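All of the numbers you see were taken from the coordinates with simple rules; none came from a lab. Keep in mind that what you see is a predicted model, and the values were worked out from it rather than measured. All Cβ positions, even for glycine, are placed from backbone atoms using ideal geometry, and neighbour counts span all protein chains on display.
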Amino acid sequence: MRCLVTGCAGFIGSTLTDRLLALGHEVTGFDNFSTGQREFLSGALDNTQFTLVEGDLLDAGRVETAMQGAEFVFHLAANADVRFGTEHPTKDLHQNTIATVNVLEAMRKNGVLRIAFSSTGSVYGEARVFPTPENAPSPVQTSLYGASKMAAEGFIEAYCEGFGMQAFIFRFVSILGERYTHGHVFDFYKQLRAHPDVLNVLGNGKQRKSYLYIQDCIDAILTAIEKGQSKVNIFNLGLDEYCEVNDSIGWICEELGMKPEMQYSGGDRGWIGDNPFIFLDCSAVRALGWRPKLNIKEGVLRTVRYLRQRPELLDRR
Ligand SMILES: NC(=O)c1ccc[n+]([C@@H]2O[C@H](COP(=O)([O-])OP(=O)(O)OC[C@H]3O[C@@H](n4cnc5c(N)ncnc54)[C@H](O)[C@@H]3O)[C@@H](O)[C@H]2O)c1
């Protein structure tokens, strides 16, 4: 299969690119390196089946040209940081919604009919049902990130209806593992390297979250696109467990052999738009036969071990 992967230099996009190449697919990677890391593509660049296109998704003509000959689009490029939305109120709209429309237009013009899209569990906003199913009633958006992804999902669905496309929409919990460059383990480890005696925690540490290991996430995506039959296939991707932020801090500190003094900013959430409880019902993707291999604790520990081997990454974001 000839694939286009947007965000190919990112945490998830580069891991997916490596997996697609290992499976024998031809991959064109598209990235503007705003948060992507060139070193994540070192293996791919040695593979003759891989072509890198440096470009920005907001440059519609560039995406259209890069997509020529593709049969399947994996659209992962985005502003992936939910936390800072209110500091730049239109960034999510441009990077996540308009960029997605540019991808869809490039597909329409090139006759590409299949897309996988990295959405997020944040689209459920302040969910009222746990574990939250894909058909949770009318989620109310609480973050600009979640709102921009929900809008992008809507455009994808409308393009499927209007232009005969097929979509696979994945609503991820937070992903952990090798090449991780943003998220709570990153923030905590960065702090502990700088000042091992004190750890500042946003909120009260009792936020409950679910996480998924990167290779399990890629397995789920590939299982779903192989087996999903509907015009629009929407899957939550996560584990059937969650932990408190404090649990994760305990595992990180134990792994590092540190006992910092904890300083909580207070309140039941870390930032505006943070959801104090994220726990998704993943029975739909499990029904396709997908089974995750790592639990949350193992994912957190692998992430800490990875970051310890790559301290230079901490200074890049
Ligand atoms: N990591 C998670 O926990 C998580 C959770 C839920 C959803 N997601 C979604 O998964 C996708 C991948 O996330 P990630 O963690 O790998 O993030 P990442 O920041 O590591 O990767 C995003 C990649 O997209 C590229 N990019 C960003 N804007 C671009 C643009 N305008 N044009 C071209 N390239 C651009 C970046 O340079 C980077 O390589 C995102 O869509 C994100 O919203 C991630």
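Counting Lys and Arg as +1 and Asp and Glu as -1 over every other residue whose Cβ lies under 10 Å from the Cβ of Gly55, the net charge comes to -3. In deg cm²/dmol and to the nearest 500, what is the mean residue ellipticity at 222 nm of the chain if only DSSP H runs of at least 4 residues count, each as -39500 (n - 2.57), divided by the residue total? Mean residue ellipticity, 222 nm, calculated: -10500 deg cm²/dmol.
Applying D = kT/(6 pi eta Rh) to region 158-317, where Rh is the Kirkwood radius over alpha-carbon pairs, T corresponds to 37 °C and eta to 0.692 mPa s, the Stokes-Einstein value obtained is 192 µm²/s. No solvent, one uniform scatterer per C-alpha: report log10 I(q)/I(0) for the chain via the Debye equation at q = 0.12 1/Å, two decimals. With one equal scatterer per Cα and no solvent, log10 I(q)/I(0) is -0.79. Beta bridges per DSSP, both residues in the chain: antiparallel share near 5 percent.
Normalised by 2.2 N^0.38 Å, where N counts its residues, the alpha-carbon radius of gyration of region 131-232 equals 1.39. The slack between Glu244 and Lys297, meaning 0.36 nm per residue of separation minus the straight C-alpha distance, is 18.0 nm. Diffusion coefficient (Stokes-Einstein, Kirkwood radius over C-alpha pairs, 25 °C, 0.890 mPa s) for region 225-317: 149 µm²/s, rounded to a whole number. Straight-distance candidates among the lysines for linking to Lys297, with alpha-carbon spacing under 20 Å and chain neighbours fewer than 8 residues away dropped: Lys190, Lys206, Lys209, Lys259.
Between the Cα long axis of helix 11-22 and the first principal axis of the chain there is an angle of about 50°, rounded to the nearest 10.
Each of the peptides 132-140, 213-221 was scored by the mean count of other Cβ atoms within 10 Å over its residues; in descending order, highest first, they stand as 213-221, 132-140. Tell me, what is the percent relative contact order of region 30-80, built from C-alpha pairs under 8 Å that lie six or more residues apart? Relative contact order comes out at 38 percent. The Cβ shell under 12 Å around Ala127 holds other residues with a net charge of 0, Lys and Arg each +1, Asp and Glu each -1.
Remark: region 253-270, residue by residue, has Karplus-estimated 3J(HN,Hα) of 5, 4, 4, 8, x, 10, 9, x, 6, 8, 10, 9, 6, x, x, 8, 9, x Hz, where x stands for each Gly or Pro and the curve is 6.51 cos²θ - 1.76 cosθ + 1.60 at θ = phi - 60°. Which of the three applies to region 1-59, rounded, prolate or oblate, going by the alpha-carbon gyration tensor with a ≥ b ≥ c and a/c under 1.5 meaning rounded? It comes out prolate by the Cα gyration axes. The convex hull of the Cα atoms of region 1-133, projected and averaged over all directions, covers 9.0 nm². Highest mean packing first, where packing is the average number of other Cβ atoms within 10 Å per residue, the peptides 233-244, 267-278 line up as 233-244, 267-278. Overall size of region 147-206 from C-alpha positions, given as principal axis extents largest first: 57, 26, 16 Å.
Shape descriptor for region 51-119: Rg over Rh equals 1.00 (Cα atoms; Rh from the Kirkwood inverse mean 1/r).
Scoring 108-118, 58-68, 141-151 by mean Cβ neighbours within 10 Å over their residues and listing the highest first yields 141-151, 108-118, 58-68. Sorted largest first, the spans of the alpha carbon positions of region 21-92 along the three principal axes are 42, 27, 18 Å. Residue by residue, region 147-153 carries 3J(HN,Hα) couplings of 5, 5, 6, 5, 5, 4, 4 Hz when phi is fed to the Karplus relation 6.51 cos²θ - 1.76 cosθ + 1.60 (θ = phi - 60°); x denotes Gly or Pro. Backbone geometry of region 54-62 corresponds, through the Karplus equation with coefficients 6.51, -1.76 and 1.60 at θ = phi - 60°, to 3J(HN,Hα) couplings of 7, x, 10, 5, 6, 9, 4, x, 5 Hz, x marking Gly and Pro.
Site pair His88 and His195 shows an inter-label distance of 2.6 nm when each label is modelled 7 Å from Cα along Cα→Cβ. On the beta carbon distance between Asp81 and Gln309, with R0 = 25 Å, the FRET formula returns roughly 0.60.
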